[in-house]
Structures are given as C-alpha cells and as structure tokens.
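The values are calculated or read from the model by the stated rules, or taken from the named source; none is laboratory data. All of these numbers come straight from a predicted model, not from anything done at the bench. Neighbour counts are summed over all protein chains in view; Cβ atoms, including those assigned to glycine, are modelled from backbone coordinates with ideal geometry. With ligands, DNA and RNA removed, areas are computed over all heavy atoms of the protein, side chains included. Shrake-Rupley method; radii C 1.70, N 1.55, O 1.52, S 1.80 Å.
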Amino acid sequence: MSYKDVYDACKADPEAFWMQAAQAISWVTPPSKAHFAEKAPLYEWFADAEVNGCYNAVDRHVEAGRGDQVAIIHDSPITGTKAKITYADLKDRVASLAGALKAKGVQTGDRVIIYMPMVPEALMAMLACSRIGAVHSVVFGGFASNELAVRIDDATPKAILAASCGLEPGRVVDYKPLLDGAIDLAKHKPDFTLILQREQKPADLIEGRDFDWHAAQEGVAPTDCVPVKGNHPSYILYTSGTTGQPKGVVRDTAGHLVALNWTMKNVYNVDPGDVFWAASDVGWVVGHSYITYAPLVHGNTTIVFEGKPVGTPDAGTFWRVISEHNVRSFFTAPTAFRAIKREDPDGDFVKKYDLSCLRVLYLAGERADPETIKWAERHLNVPVIDHWWQTELGYPAIANPVGVELLKVKYGSPAVAMPGYEFFAVDEAGHRLPPNTLGAIVTPLPLPPGTLPTLWNAEARFKKSYLTTFPGYYETGDAGMIDEDGYIYIMARTDDVINVAGHRLSTGAMEEVLAAHPDVAECAVIGVSDDLKGQLPLGFLCLNRGCNRPHADIVSETVKLVREKIGPVAAFKLATVVDRLPKTRSGKILRATMVKIADGEDFKMPATIDDPAILDEIREALKPMGYAKG
Ligand code: COA
Ligand code: AMP
C-alpha cells in the first residue's frame, strides 16, 4: 500500500480504519465503535471499550512468551551504569509498585504526580499508575518548585512519586528540597510521597508523609491490571500556553493505545523486538509517547538515556548507544544534532562506531533546519525524517510514513498529513489560502484517536484555545504554508510560545516572573534566534520611575528569579533595561516586531504603532548584546 492508499482509506472511512488499527490492542471489552460524537465539539474514541494500558505495555508480552525480551535498557553515561530489564522483570516491578500505591490508598481516577529523572523507575511509576487506573502527571525535572506547585494545585494528586535527585553534567539536582518547597507552596497537599533514593544524593524523609520507594513495597501484595473505560484519562501533561498557568493536556486511554501502536510500524518502521530509542525526557510528550508507551505497547525495547548529546563524555555518545544497543530507529530533537555538529563538524566521532543497525533518524520538537538535516544525512547515511506534532496531539501528525512508504524528502518540511488529519493554512478570517501562502495551520475536527479530548479542569479554556478562532477546526498555534504536493512547512508560532532547545516555553510565564521584581514597572520577553537552541528568551525591563540601582544588578536578579520560579530549563540569561516598550496605540506590546529587530530581519512598520522612535531605542539596547545586526 502507498501512503496515498492509507491516507485515503482513513479519509473515506475513518471508522473502519481505526477499528482495524484497534485490533492490535488487547481489550477487556472491545469497543462497539471507534468514534463518539455525542459531546461534540468534544470528541471521544473507543469510549465504551474496557482496557488497561499497563496490560498492553507489559503483561501481554509476558503472556505471549516474550518475558525474556529486554523491555528497557537504562544507559547512563552520567553515572557510568547500564542495566537491562526484561518484560518479565518489568511486570514484577510494576505490579509491586502498583501494589504499594494501592495499599496506600491510591484508587482508579486518583491523580499521581511523578517528578523524576531519566531512570527506569520513572517508566515504572507511569505504568504502575496505568495498572490501577490512576492518572499520572509527570513534571519535568528542570522545573522549579513554583512550577511544580502550580501543577500540584491543578491536578490535586493523592501521591507524588519522586527521586531524591537528578543528575546534570557536573551538577547534582537536589529534587527533594524542590519537592518540599513545592508542597509548601501548594494549597493542595498530597497524602504521601514515595522517594527513590539515589546514592548520588539521598534525601531526608519527612516521617508520616515521605516513604522510601522500596520499603513501601515490602510485604505488600503485587496488584493486577484494573480495566478502565476507553475514555478514562490515562495522564495529564502540562504544557506551556500564553499565560503562566500551564495547560493540562488530557490523554485518554484507548485512543492513545491504538494510535501510538499504529505509528510504531507505519511511521517509525520498527517491528516487535526491535530496539527503538527516543533521546528525550519522560517529562515531555516525546518521553510519554516514545520512551514509555508506544515502544512497550508495540513490544519493542526502549532506551532510557541519562545523558546529553555532548559532554557525557563526548559528541560520540549517541553513536555509542546506537551501535552498542542495536538501535533501529532513533528519534531526537534537531538541537541535539546542532550541539553535536558544533563539537564534531567533520563527524570524526561518527566514524568510530559501527552504525549499520540504524535505519532511520527522526527529528521533531522544533523546526529542523536544512543544514542540520544534511549534516546528519551525510554522516549517518540513513534517511533523516523531520516530523511535526505537539503535546496536544500526542504523536506525529505531519510526517514521512517510512513504514508505509518513504516519500521524497523536501528540506524544511516535515512532509505530509498523517491519517485523520488534513492541514490547511488559513487567513485571519479562516479562509483557506492558496499553496505556498503563509497562514495559521489548522486541521478539521474531529481530531483522530489519541489526541487531547480536553484540558484538565478547563473545558472552556480548551474550547477557547483550540476550537474558537476557526470554528470547525483545531487551531495548532503554528503558522506555516502548504505546497502543491501537500507538503507542509511549519515556520513559527502564532502565540507567545517559544521553543528553546526543543523545550516549549511560555514568554508570558517569564514576563509574570519579571514583573514581580520590585524595580520592574513593565517588561516583555521575546524569543530571539540562536544557532544552537533555535530560540533563546530575551527580556526587556522598564524600571520604576526613580529607580537608580545599577542595571546590571537588576538584570542578574531577574535572571536568578526566573531560574528560581520557573527553573533552569527556561534558559533565561539575557535581559536589558530600556526606557519604553514599543506598543500599538491601543497599548499592545509589539513583540513580533522586536523579534524581527533582534534577529536583524526586515520588517513592515506596524500601521498601528504608537511611537516608531522606540524601535530605534530597542535596536540600540540589543546591539551590545550581539543582536539587531544587519
Ligand atoms: N533537570 C534539571 N535541570 C535540567 C534538566 C533536568 N531534567 N534538563 C535541563 N536542565 C538544565 C540544564 O542543566 C541547564 O542548566 P544550566 O543553566 O545550569 O546550564 C538548563 O536546564 C538549560 O538546559 P538546556 O536548554 O537543555 O541546555 P543545555 O546547555 O543543558 O543542553 C542541549 C543543550 C542542546 C545539549 C540539550 O538541550 C539537549 O540535549 N537537547 C535535546 C532536546 C530534547 O531532548 N528535547 C525534548 C523534546 S524532543
Ligand atoms: P511540544 O508540545 O513541546 O511538542 O511543542 C510543539 C511545538 O513545537 C509545535 O507546535 C511547533 O511549534 C514545534 N514543533 C514541533 N515539531 C516541529 C517540527 N518538526 N518543525 C517545526 N516546529 C515543530
């Protein structure tokens, strides 16, 4: 079958297409139908089925006689350790952990927050929740207490599962004080925490609230998989939006299993038993979908990598992992390749390893610049596939479906719509634009299975964020264009979200932190282009009248504040003091124009600008920082 056959089959009869895909899932009660439109414009898939996510990811492989196959390889160049966990081991460990959660009162539907580094226990924590129908919410380790507290208050978890520490190159990240700080800050208090003590920095436990991960499992009966309804939420994953309040993307159980499983062969071209590696973090959607659920549901071996593309110990780490563990398909963010290319422009490290096992490289998370793709193609000698998706969608929506048919690669485009999607570029009034014309990228409702049914506790925000601007469509928040062959080019965001090293961040959230500095009267944060990380946040600070403190002090205080309030992952290190911000006559800050100035690009003077002279002041403020050239 060609891509066109598959795509057209889904378009002609989505019900039949997804019911067919659903046959690969082991159901307790099979779905009577695929699509449920009763709550439109909120849609559900396989809602009346009964199923368990953990059973599909773990137990069924053991029952099928594959218990000895390695499920998880943990490779940690930071600690110098490697471990292999078979499906049979994984089943025992997850059943035991789930038993401990149940014994401590966690029930189906209860929320559990997971705040953990890249260790196999992070996956076990997710799977243990799934086993008993608890709804997990993983919080990325690079977020600080305040961000964790916001998520605790929104998800109101019964329990928090954490490790005592995470490990960054040259630095131990002490998770426990961050966790304690978050619980202090939050209005909602979890009943208990389970702490995985790591030898690099064991934590002090608070009696009665904190329990040791292993001790809590002693003498507790392992527990079996609990069937849940197809539309039961399997997890909440918070992602950045326009404001400081993150959006709690909900993922259902059944649609998620069906769609993820479908992608493993059709997009990532792996068969059960093959080793699949997504070098990301469990705190991001890539970690949920392609480190944990999809490879395990599909019966692959997944790799949990605790390291960086460079510096752990060198720019050859990725190649070592690929050759040592026989990786077939590899997925990472373009920024990782830019980091490697910068250290090893001639690919000398690549030549040290036998990479004949690798068949395809997949890139996503940010725009893949053609130079990076060409470098990877030249040195790895495999197809390099850019593909596009979002936390909201959960799996590739625009891709080159290698397992169906390797389509022609067009540099700068993540290729074409996957089954269930039909992308259009539209103008502000929602009219479809002709080919190669920049517009807002949208896709008609309903979205296919496995995509977000709503936002946690925020149905109105869900509708406003995604369904209202262009009625009948899902608004991606991205701008781009589509060529005559249906190849989609994603160019930028239409909102204030920026993408730093493949991490999605809200400039609005950073502005809220800067505005809280006692000397700051007004501020704006924009994303400026960066050769390594794609974008970097840069802050403009207008100080209170009469403030005569040294600007350098205020700038460094704001940098510290963002690190403390949002976390190191915000990578906020650039700020400058200006007298005024450029605005429209109605008072809207002209952030997009400031981005153009910072990046040295041509721009059209906004017709509604209040005082064009301020743009020169912005340009002058940026020049000493190395921006606004040209
Ligand atoms: N826990 C605690 N801190 C973390 C963290 C975590 N899990 N992840 C990152 N941080 C910290 C980093 O240590 C760094 O701190 P610093 O300011 O003290 O140096 C800061 O957050 C910024 O991190 P990052 O933007 O990732 O920069 P980096 O210089 O550490 O690494 C790259 C740069 C390109 C090597 C790295 O970003 C990378 O590998 N990116 C791959 C992208 C990726 O996996 N994206 C996921 C979506 S697919
Ligand atoms: P996240 O929800 O963190 O996965 O971020 C999703 C956003 O990252 C998208 O809306 C895009 O803005 C951007 N993005 C992801 N993949 C790509 C890609 N292949 N090309 C361009 N932008 C991308």
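Solvent-accessible area per residue in the stretch 117-225 equals 35 Å², computed with a 1.4 angstrom probe and all protein chains kept.
Only sites in a loop by DSSP and with at most 15 other Cβ atoms within 10 Å count here; which GluC sites (Glu not before Pro) in the stretch 383-441 make the cut? Here the GluC sites (Glu not before Pro) that fit, given the DSSP loop and packing criteria, are E405, E422, E428. Here is the list for the stretch 450-553: GluC sites (Glu not before Pro) lying in DSSP coil, each with at most 11 other C-beta atoms within 10 angstrom of its C-beta, are E484. For the stretch 479-630, a Kirkwood radius taken over Cα pairs fed into Stokes-Einstein (37 °C, viscosity 0.692 mPa s) yields D = 202 µm²/s. For the stretch 8-108, the set of GluC sites (Glu not before Pro) satisfying both a DSSP loop assignment and a count of at most 12 other C-beta atoms within 10 Å is given as E38. For Y362, the residues whose modelled amide H falls within less than 5 Å of its own, excluding neighbours fewer than 5 places apart on the same chain, are F330, F331, T332, I385. Put simply, the C-alpha atoms of the chain give a gyration tensor, and the ellipsoid matching it has half-axes of 37, 30, 25 Å, longest first.
Net charge dipole, the stretch 281-357: roughly 160 debye, given to the nearest 20, about the Cα centre with Cβ charges of +1 for Lys and Arg and -1 for Asp and Glu. Per residue, the chain reaches -8000 deg cm²/dmol at 222 nm when only DSSP H runs of four or more residues are counted, each adding -39500 (n - 2.57). Pairs of C-alpha atoms in the stretch 361-515 farther apart than 27 Å represent 25 percent of all such pairs. Residues whose amide H comes within less than 5 Å of that of I398, counting only those at least five positions distant or on another chain, are W388, M418 (H built at 1.01 Å from N in the peptide plane). Across the chain, the longest run free of exposed loop sites, meaning trypsin sites (Lys or Arg not before Pro) lying outside DSSP classes H, G, I, E and B with no more than 15 other Cβ atoms within 10 Å, spans 210-351. For the stretch 115-131, the Karplus equation 6.51 cos²θ - 1.76 cosθ + 1.60, evaluated at θ = phi - 60°, returns couplings of 10, 9, x, 7, 10, x, 4, 5, 5, 4, 4, 4, 5, 5, 4, 4, 4 Hz by residue, with Gly and Pro reported as x.
Taking 23 Å as the limit for the C-alpha separation, the pairs K341/K604; K189/K247; K82/K201 exceed it in the case of K341/K604.
Of the solvent-accessible surface of the stretch 503-610, computed with a 1.4 Å probe and all protein chains present, 50% belongs to carbon and sulfur.
Summing charges over all other residues whose Cβ lies under 13 Å from the Cβ of N544, with Lys and Arg as +1 and Asp and Glu as -1, gives -1. Using every pair of distinct Cα positions in the stretch 238-346, the Kirkwood expression returns a hydrodynamic radius of 15.2 angstrom. Phi angles across the stretch 277-294 convert, under the Karplus curve 6.51 cos²θ - 1.76 cosθ + 1.60 with θ = phi - 60°, into 3J(HN,Hα) values of 10, 10, 8, 9, 9, 4, x, 10, 5, 4, x, 5, 6, 10, 9, 9, 5, 4 Hz, Gly and Pro given as x.
Database remark: amide H of L161 closer than 5 angstrom to the amide H of I113, I114, Y115, L194 (H placed geometrically; neighbours at sequence offset of 5 or more, or on other chains; Pro and chain starts carry no H). A simple charge model with +1 on the Cβ of Lys and Arg, -1 on the Cβ of Asp and Glu and nothing else charged puts the dipole of the chain at about 220 debye relative to its Cα centre. Other residues with beta-carbon under 11 Å from the beta-carbon of T469 carry, at +1 per Lys or Arg and -1 per Asp or Glu, a net charge of -1.
The packing ranking, built from the mean of other Cβ atoms within 10 Å per residue, places the peptides 236-245, 117-126 in the order 117-126, 236-245, highest first. Across the cross-link table entries K187/K229; K596/K623; K565/K596, which are compared at the Cα atoms, the separations over 24 Å belong to K187/K229; K565/K596. Applying the Karplus relation 6.51 cos²θ - 1.76 cosθ + 1.60 with θ = phi - 60° to the stretch 437-450 yields 3J(HN,Hα) values of 10, 6, x, 6, 8, 9, 9, x, 7, x, 6, x, x, x Hz, where x marks Gly and Pro.
Between the C-alpha center of the stretch 1-66 and that of the stretch 82-114 there is a gap of 25 Å. For the stretch 298-364 versus the stretch 439-489, the inter-centroid distance based on Cα atoms is 32 Å.
Ignoring ligands, DNA and RNA, what percent of the 1.4 Å accessible area of the stretch 24-88 is carbon and sulfur? Looking at the stretch 24-88 in its full context, I get 54 percent from C and S.
Only lysines eight or more places from K4 in sequence, or on another chain, were considered; those with a Cα closer than 18 Å are K265, K408, K410. For a paramagnetic label modelled on D531 (point 7 Å from Cα along Cα→Cβ), amide N atoms under 12 Å away belong, within the stretch 300-341, to 339, 341.
E617 sits among other residues whose Cβ lies under 15 Å from its own Cβ, and their net charge, with Lys and Arg +1 and Asp and Glu -1, is -2.
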